[in-house]
Amino acid sequence: MALLRDGTGTPEFATAISSSGVTLVEVYGPDCQICKRIEPMIAAFEGAMDGVVTAYKLDASRDMVFAAQHEVRGLPTLLLFKDGALADRKSGFMTTTMLKDWVRPFLG
Amino acid sequence: MGQWSRSPDDPPFIDLVPVDKATGGRKELYDALERVRGKGRVSNLFKAYAAFPELGKANFERLNVLLNKGSLTRKFKEGLMTALAEVNRCDYCVSFHATAMLAAGASDEEVKAALAMDPEKLGLAPKEQALFDFALRANGDPHAMTREDVEAVKRAGATDADIVEALETVNTGNAFNLINGALNVGADDFLDYMRGRGEAWREQAA
């Protein structure tokens, strides 16, 4: 199982969500059990997308400014960025299949 | 040898008594395993369970009922347990269930699909594809499941018994993953399939 890149506070993450393309962000917390269970689903989803979607996780407890700016009310929150703007959001657990069904309309 | 994802020098955290040293209830458990699986095929999981032989016997019976009764295919159940092992990062469990998938007729590509949690590429009937995703969702957050989720798998052809069988596959996989992970129980000598994956996990964690 590949691990998700942790984008918390990194310039690479800031660049990714403000650039062209599709980026999926899992906003998580260190004590969130469901976050631990969704991470392998997102990693598998990213692998299946063959580079079309880039995925990161972001620790809300270490970047509360980002969490507040994006109105994160619960964990995990999934934020989908397309071409530098927030395109959609979900909360709670999702399988790889659910992630594909959700993101597919935003591709292309 | 413990889990490949940990230090290769770190043995299991409890004694795994070899077959030729077993006595009493432990030997009874090992004998039961060899009757079903063949001579010498006492898995390290059950060597760990043998610290509490009655519980070991009960869990072996549970596994036999799960795998040999019910209506869902062996490939579905082993595929689901392969995916759970991946979620739980249990490299011994990935190796065991991926090997069992192949023995149940799965291809290498279908094993990869299980590891990628992709039911569409597992070569399953639509009912089992739906149950695979349903079971992974239940594992992720059981209290988020709804009546509509159950109705959806029923529309795909699942019965109440199928749904319970799928959920119990999740329970069994998780229970065995936990014993192996918590006690650093490593893969059996007769298994080295997916060894590289466990070693890659260790390198990522370092």
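We did not get these values from a lab; they are worked out from the coordinates using the rules stated. Small disclaimer: the values here were computed from a predicted structure and weren't measured. With ideal geometry, Cβ positions are generated from the backbone for all residues, glycine too; neighbour counts draw on all protein chains shown.
Note on residue B:58 and residue B:21: with the Förster distance fixed at 25 Å, the Cβ-Cβ geometry gives a FRET efficiency of about 0.65.
Between residue B:108 and residue B:182, the FRET efficiency from the beta-carbon distance, with R0 = 41 Å, is close to 0.85.
What shape does chain A have by the C-alpha gyration tensor, where a ≥ b ≥ c are the square roots of the eigenvalues, rounded means a/c under 1.5, and otherwise prolate means a/b greater than b/c and oblate the rest? It is rounded, given that a/c, with a ≥ b ≥ c, falls under 1.5.
Here is the result for the range B:47-100: no GluC sites (Glu not before Pro) lie in DSSP coil with at most 14 other C-beta atoms within 10 angstrom of their C-beta.
The lysine pair count for chain B, using Cα distances under 16 Å and pairs eight or more places apart or on different chains, is 16. The loop-placed GluC sites (Glu not before Pro) in the range A:1-75, going by DSSP, that have at most 14 neighbouring Cβ atoms within 10 Å of their Cβ come out as A:71. With each label modelled as a point 7 angstrom along the Cα→C-beta vector, the residue B:73-residue A:73 pair spans 4.3 nm. For residue B:147, the shell of other residues with beta-carbons less than 15 Å away shows a net charge of -1, using +1 for Lys and Arg and -1 for Asp and Glu.
Averaging the inverse of every distinct alpha carbon separation and then flipping it gives the Kirkwood radius. What is it for the protein assembly as shown, in angstrom units?
With all distinct Cα pairs of the protein assembly as shown included, I get 20.8 Å.
In order along the range B:169-177, the Karplus-derived 3J(HN,Hα) couplings, from 6.51 cos²θ - 1.76 cosθ + 1.60 at θ = phi - 60°, round to 4, 4, 4, 5, x, 5, 4, 6, 4 Hz, and Gly and Pro are given as x. Mean-square fluctuations from a GNM of chain B, with a 10 angstrom spring cutoff on Cα atoms, peak among B:87, B:19, B:153 at B:19. Over chain B, the hull volume per residue, using the convex hull of the C-alpha atoms, is 122 Å³.
Just to confirm a number: summing +1 for Lys and Arg and -1 for Asp and Glu over residues other than residue B:26 whose beta-carbon lies under 13 angstrom from that of residue B:26, what do you get?
Within the 13 Å Cβ shell, the charges total -2.
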